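Peer 1: I have a structure here, written as structure tokens, and I will follow up with some questions on it.
The values are calculated or read from the model by the stated rules, or taken from the named source; none is laboratory data. The structure presented is a predicted model; accordingly, all values stated were derived computationally and were not measured. All Cβ positions, even for glycine, are placed from backbone atoms using ideal geometry, and neighbour counts span all protein chains on display. Side chains included, ligands, DNA and RNA excluded: accessible areas come from the protein's heavy atoms. Shrake-Rupley method; radii C 1.70, N 1.55, O 1.52, S 1.80 Å.
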Amino acid sequence: MDSLNSLIEGFGTALTPTHLLWAAVGVLLGTAIGVLPGIGPAMALALLLPVTYALDPTAAFIMFASIYYGGMFGGSTTSILLNTPGETAAVVAAIEGHPMARAGRGSQALAAAAIGHFTGGMIGTILLVALAPFVAELAVDIGAADYFAIMVLAFIAVTSVLGSSRIRGFASLLIGLTIGLVGLDRLTGQQRLTFGTLELADGIDVVIVAVGLFAIGEALYVALYLRRGTQEPIPVGRPWLGREDLRRTWKPWLRGPLIGFPFGAVPAGGAEIPTFLSYVTEKRLSKHKDEFGKGAIEGVAGPESTASASASGTISAMLTLGLPTTATTAVMLAAFQTYGIQPGPLLFERESSLVWALIASLFVGLVMLLALNLPLAPLWAKLLRIPRQYLYAGILFFAAVGAYAVSSQPLDLVILLVIGLVGLLMRRFGLPVLPAVLGVILGPSAELQLRRALQISDGSLSGLVNSPFAVTVYVVVGLIVLWPLLRRLLLRRERERTPVA
Amino acid sequence: MRLRVLLSLLSATLLVLLVPPLLSSESSAGTGTNIPGLRFMVPNTPGGGYDITARTAARAAEDAGLTGSIEVFNLPGAGGTVGLSSLVSDHGNGRVAMSMGLGVVGAVHTNQTSSTLADTTPIARITQESDIVVVPADSRYQSFEELLADWQANPGSLPVGGGSSPGGPDHLAPMLMAQAAGIDPRSVNYVSYDGGGELLASVLGGQVAFGVSGVGEYRDQIEAGELRVLAVTGPERVDGVDAPTLTELGVDVEFTNWRGIVAPPGLTDAERERLINLVTELHESPEWQEALEVNGWTDAFVTGDDFGDFLAAEDERVDGILRELGL
């Protein structure tokens, strides 16, 4: 009850005209930043830091939080329309969103994403209010062994997106894992596959790999093979979500936060793995499995809701523990410190009014974002009316800008092109692209957590299964792996029984 | 309608991209410290340690009217060595400086780069921060002596967590500590985390036996009684932290994580003096003193050749320990 009262007070602060104004500015900026590939919310906040010194802390943080959520909303736009994810959280949106856009259902995909972000953010923020202290405990109790167990689960889930040919799927996954190896070994400091190039020491950014494989690969493929094809621009269909769409999306919207929020709140969670797990879950649960890969709306709604809920999770970890679990919250933490505020266990007591105003403004910001993005969806979708050759030229341009903006290294453009060529060859020989991207995301973190867990247990394998959480996850993994076998056994027994009866 | 929305989006974008540079393009009165068009390179990502130091210093210098705008830009990569090699190749450019610190010294060794800090023009060391040895409140270690006894007996079974990769400050501190306490650094079980935040969760959750991190990162958790500090690594005790220094405990190590500023090689004496002057004036300005206090940084001001000697000594120390570790 106490927190409810504080929250109402927080709304009092958040709904003053000045704070509303800053929330609106943040929402606009965030959406724009999300749409521009490469410029993520973290970079935008860092650039804005000097400008916001003049503001009072409450206004500044209201704006920062709105930018963070806004970036999530905007990030999926380019993913869906141009197959060019601007942020890692939006990679999954491209898988189903882009085929939808090409089939003339771009505005539905965008609307499903926008409402998904809204629901995910709303439920996530409600969870933040209700579960903040509990989340703090969860984040502390999860260790390397538990993370590794989740990675194993994620790898098992990858098999469901390998495509029709297992061999090609695994080949693609291996390409991704190899790209993921590039860089400095975090445990021993050795360089791997960097060929002595300093710029490669930090590894290849997932955004560059995703943009290279998805956007550049596709643009090159279109340029090579579709020249004689139809020059018709992509059709833009009816702008609104139909009843059928709504029936298929409301459950994914609601399921998203359950996956996203806990991942956001734990230190090594992030948004990539939960969005992917949400995608796989929706694929398994959907009644339209055959549509997946060709533009299934559930595959947009679920992951997008997850992405925004994970953003709420990270904010909750930042406020309750002073734990920055993403680059964006790291910058927000730095901003707190320049105002002389130390986020951490005492924040809720010391800066109670600021924190609750911030949380209240998250709700306000989400409503504004929905109001801004839902009407924009059909307008954005009209981008696809641009004739194909100009459209792909634009995609190449934005992809290059995005890759360069990640760390302003000219070398990144070369890497982008090389990965683009790999993407072209993969398309040419029928290798699915998605497992490669997942390999880049999962490989390095799985390796890191495995080695960290073994290090903590001083090399003993029992260190991998010494927590109830990890054991539970492994049991789930075992069930998933053995399920087809079990089902066959059960069916056979039933068949044997039938003639007797 | 569509046009207006697009226009407003476009202008919002332009606002983000243009406002910081435009705001800073106004020129200030020409004082002796004014360096028009000065650029300040940050060799790690926005929000990182060097970034905050650089942006705070740049703002304090502007507010104090010491110089016109200072453009802060990021060139991250390989622990700061990507930025370092770019700085070293910017021979004779008196209008660029780089924010750096102990981490870059280590990264030069682990990455075996051709450009080293000896190639740069040292300008000043500006701040330093003691590291702390922390355990969670429910740890069985009440004092550093108890921890040390167990650590000496079986280093492998006591994982040490730190917020930097091998060669970074949180890695060097326990290694130097081990060396001084008669433990073979190679037997130290160092677990690397991605920054102090991720480390914090592992320390609180008892994943690692103890953590080594900067004192500033965990002030709140220490105050709330969630973490217990067993020792500080610096030469003096730290205000508000109830823990002895390592030297008091009989472990002969003094270790601070410092930050400083270096400039490209090949500067004329006048250009070098001008930069040192600017930093000295900045150091004396009330704006900077206030920034030190707000951020909880300890002043450690040393300029020019003295800083150069210090750099060389640190380099030798880091080289020694990393060589022993085989990195």
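Peer 1: Report, as an integer, the average count of C-beta atoms from other chains found within 10 Å of each Cβ along A:321-331.
Peer 2: 5
Peer 1: Could you give the distance between the Cα centres of the range B:81-109 and the range B:119-135, to the whole Å?
Peer 2: Going from one Cα centre to the other spans 15 Å.
Peer 1: Looking only at the range A:149-168, which residues have a backbone nitrogen under 14 Å from a spot 7 Å from the Cα of residue A:474 in the C-beta direction?
Peer 2: What the label zone holds, given the 14 Å backbone N cut-off, is A:149-153.
Peer 1: Which order do the peptides B:143-155, B:168-180 take when ranked by the mean count of other beta-carbon atoms within 10 Å per residue, highest first?
Peer 2: B:168-180, B:143-155
Peer 1: Around residue A:441, what is the net charge, scoring Lys/Arg as +1 and Asp/Glu as -1 over all other residues with Cβ under 13 Å from its Cβ?
Peer 2: Neighbourhood net charge equals -4.
Peer 1: How many nm separate the modelled label positions at residue B:138 and residue A:54, each set 7 Å beyond the Cα in the direction of the Cβ?
Peer 2: 5.0 nm
Peer 1: With a 1.4 Å probe and every protein chain left in place, tell me how much accessible area residue A:290 has, in Å² to the nearest 10.
Peer 2: 110 Å²
Peer 1: Also, I was wondering about something else. Sequence-distant or interchain residues sharing an amide H contact under 5 Å with residue B:124, placed H: which?
Peer 2: Long-range HN contacts for residue B:124: B:261, B:304.
Peer 1: Taking K and R as +1 and D and E as -1, what net charge do the other residues with C-beta under 11 Å from the C-beta of residue B:302 add up to?
Peer 2: With Lys, Arg at +1 and Asp, Glu at -1, the neighbours total -3.
Peer 1: Hey, what's the Cα Rg ratio for the range B:130-256 versus the globular rule of thumb, 2.2 N^0.38 Å?
Peer 2: Normalised Rg, Cα atoms only: 0.92.
Peer 1: Still on this structure, please answer the following. Which sequence of B:140, A:385 reflects their accessible areas, 1.4 Å probe, from the largest down?
Peer 2: So the residues, ranked largest to smallest area, are B:140, A:385.
Peer 1: Still on this structure: So for chain B, averaging the separation of alpha carbon pairs under 8 Å that are six or more residues apart and normalising by length, what relative contact order in percent results?
Peer 2: 25 percent
Peer 1: Residue by residue, what Karplus-based ³J(HN,Hα) values in Hz, rounded to whole numbers, does the range A:103-117 have, using 6.51, -1.76 and 1.60 with θ = phi - 60° and x for Gly and Pro?
Peer 2: Per-residue couplings from phi come out as 8, x, 10, x, 5, 5, 4, 5, 5, 4, 5, 5, 5, x, 4 Hz.
Peer 1: Further, regarding this structure: Give me a comma-separated list of calculated 3J(HN,Hα) values for the range B:118-125, in order, Karplus coefficients 6.51, -1.76, 1.60 applied at θ = phi - 60°, integers in Hz, x for any Gly or Pro.
Peer 2: 5, 7, 8, 9, x, 9, 6, 9
Peer 1: So who's got an amide H within less than 5 Å of the one on residue A:192, skipping anything under 5 residues away but keeping other chains? H placed 1.01 Å off N, in plane.
Peer 2: Here the answer is A:183, A:184, A:185, since their amide H atoms fall under 5 Å of that of residue A:192.
Peer 1: So which aspartates and glutamates pass the test for residue A:294, namely a Cα distance under 19 Å, with those fewer than 8 places away in the same chain ruled out?
Peer 2: Result set, ordered by chain and number: A:96, A:218, A:244, A:245, A:282, A:304.
Peer 1: Going by accessible area, probe 1.4 Å, with all protein chains left in place, what is the ranking of A:43, A:332, largest first?
Peer 2: Heavy-atom accessible area, descending, gives A:43, A:332.
Peer 1: Quick one: Karplus J couplings for the range A:5-22, per residue in order, coefficients 6.51, -1.76, 1.60, θ = phi - 60°, nearest Hz, x for Gly and Pro?
Peer 2: Calculated HN-Hα couplings, in order: 4, 4, 5, 4, 4, x, 4, x, 6, 5, 8, 5, x, 4, 5, 4, 4, 5 Hz.
Peer 1: On to the next question. In nm, to one decimal, how far is the modelled label at residue A:389 from the one at residue B:269, with both set 7 Å along Cα→Cβ?
Peer 2: 6.5 nm
Peer 1: Roughly how many whole Å is it from the C-alpha centroid of the range A:1-73 to that of the range B:147-177?
Peer 2: Going from one Cα centre to the other spans 40 Å.
Peer 1: Another question, if that's okay. Based on the Cβ-Cβ distance from residue A:481 to residue A:413, what FRET efficiency comes out when R0 is 45 Å, to the nearest 0.05?
Peer 2: 0.60
Peer 1: With label points built 7 Å along Cα→Cβ from the Cα atoms of residue A:160 and residue A:134, find their separation and express it in nm.
Peer 2: Taking the simple label geometry, residue A:160 and residue A:134 are separated by 2.5 nm.
Peer 1: Determine, from the Cβ-Cβ distance of residue B:114 and residue A:188 and an R0 of 22 Å, the FRET efficiency 1/(1 + (r/R0)^6), rounded to the nearest 0.05.
Peer 2: So the FRET efficiency works out to roughly 0.50.
Peer 1: Taking amide hydrogens as modeled 1.01 Å from N in the peptide plane, which residues meet the under 5 Å criterion relative to residue B:210, leaving out close sequence neighbours?
Peer 2: Under 5 Å from the amide H of residue B:210: B:161.
Peer 1: Let me ask another. Excluding ligands and nucleic acids, what accessible area in Å² is computed for residue B:285 using a 1.4 Å probe, to the nearest 10?
Peer 2: Only protein atoms counted, so the area is about 10 Å².
Peer 1: At 1.4 Å probe size, what's the solvent-accessible area of residue A:178? Round to the nearest 10 Å².
Peer 2: So the heavy atoms of residue A:178 present about 70 Å² to solvent.
Peer 1: Next question, about the same structure. Count charges around residue B:284 for me, please; just the other residues with Cβ under 13 Å from its Cβ, Lys/Arg as +1, Asp/Glu as -1.
Peer 2: Counting the neighbours of residue B:284, the net charge comes to -4.
Peer 1: Would you mind getting me the FRET efficiency between residue B:224 and residue B:146? Use the beta-carbon distance for r and R0 = 25 Å, nearest 0.05.
Peer 2: After rounding to 0.05, the efficiency reads 0.60.
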